[in-house]
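Here's the structure, in structure tokens; my notes come after.
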Amino acid sequence: MKRYRVLWMVALLGILILPGCSQRIVEGIGIKTAAPIAEDDIEVVEAAENGTGQDLDGQIDTGDWIMAKSAVQLPILMYHSISEGNGLRVPIEEFRAQMVWLRENGYYTLSPEEAFLVLTENRMPSEKCVWLTFDDGYTDNYTEAFPILKENDMKATVFMIGKSIDKGHHLTENQMVEMSRNGISIESHTINHLELNRMTAVQQEAEMVQSKELFDRMLDQDTTVLSYPVGRYNEESLALSEEAGYKMAVTTEPGGASREQGMQALHRVRISPGLSVDGFASLVENASNH
């Protein structure tokens, strides 16, 4: 009888402990990073999402892809919050109109895996391609952007901040899992969203490696893309990003992305509020010459 009582107590303890496992993954990260660096000019907004759980070397059917006539210059569109209030927030109706324009004009939205092949092999699934990205992982990426993306049968990538998971105005673990199962890739925006160019090599490495390990475990994927927080990086960042296992990294440098920029320093097209549909179209078309 005593033996059965012990087994029952162990089982009960397991039930109480398991729900906290995912939370401890988040709470246990960032331990190598030294004293926090002040985020003087970093403005926090509201929401984002993830991807396919597929390795960049995974199987993609490229049988119908076309060879580009010249070096590909790919528009990687950069969004943050789908809301109103400041220069990082694109109102939902503007975002909806932009997605409709992309669909009606024959643009194919890429996954990270597909974007990697487009840039490295100069082949494309369509004559018109675009890579949609969202920085910071705000909640409205799930509540506002996600439904519009699904309506238009579009893929996108959310760069999530590790320490912001389940925190106010940011994505929850459950939301990220749902998104990642429905065409939205969740990739790395580091653990603490600090300016990498103000950190030591050891600190930078911790931010990159721990973030990758977190999303690999949480989403059962190979996290292979990094977005530099606030667009700040240096030569060390480029090398450390690749060493950490990221096959691509995106910046806030303006313009279309090309392989000649380096796969760890890809440019993006910032989408700001107040753009007319014609203005949006001009940005996309000018960034996609090839």
Among the residues of the range 252-290, the number that are under 21 Å from ASN122 (Cβ atoms), of a type in the set (Val, Ile, Thr) and touching a Phe, Trp or Tyr at 6+ places or on another chain (Cβ under 8 Å) is 1
Picked from the range 180-221 (must be open to solvent by 30 Å² or more (accessible area, probe 1.4 Å) and outside any helix (DSSP H, G or I)), the residue farthest from THR157 (Cα to Cα) is THR200
Enumeration of residues in the range 222-251 that are touching a Lys or Arg at 6+ places or on another chain (Cβ under 6 Å) and in a strand (DSSP E or B): VAL250
Restricting the search to the range 90-119, which residues are under 15 Å from VAL158 (Cα atoms) and not hydrophobic (A, V, I, L, M, F, W, C)? THR109, SER111, PRO112, GLU113
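Any idea which residue in the range 280-290 is surrounded by the most Cβ atoms within 10 Å (Cβ to Cβ), counting only those that are more than 27 Å from ARG232 (Cβ to Cβ) and of a type outside the set (A, V, I, L, M)?
HIS290
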Please enumerate the residues belonging to the range 222-232 that are crowded, with 23+ Cβ neighbours inside 10 Å and of a type outside the set (S, T, N, Q). VAL225, LEU226, TYR228, PRO229
Looking at the range 165-179 only, could you name the residues that are crowded, with 24+ Cβ neighbours inside 10 Å and assigned to a helix (DSSP H, G or I)? GLN175, MET176, MET179
What are the pairs, 6+ residues apart or on separate chains, where a residue within the range 66-85 that is closer than 20 Å to LEU132 by Cα has its Cβ under 6 Å from a residue that is acidic (Asp, Glu) and surrounded by fewer than 22 Cβ atoms within 10 Å (Cβ to Cβ)? ILE82/GLU144
Residues satisfying the stated conditions in the range 255-267, i.e. of a type in the set (D, E, K, R) and touching a helix residue (DSSP H, G or I) at 6+ places or on another chain (Cβ under 9 Å): ARG259
If you go through the range 236-269 one residue at a time, how many are open to solvent by 60 Å² or more (accessible area, probe 1.4 Å) and either touching a His at 6+ places or on another chain (Cβ under 9 Å) or not basic (Lys, Arg) (or both)? 6
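The values are calculated or read from the model by the stated rules, or taken from the named source; none is laboratory data. Here the structure is a predicted model, which means the values were calculated and not measured. Cβ coordinates were reconstructed from backbone atoms using ideal geometry, including for glycine residues, and neighbour counts include every protein chain displayed. For accessibility, only protein heavy atoms count, side chains too; no ligands or nucleic acids. Shrake-Rupley method; radii C 1.70, N 1.55, O 1.52, S 1.80 Å.
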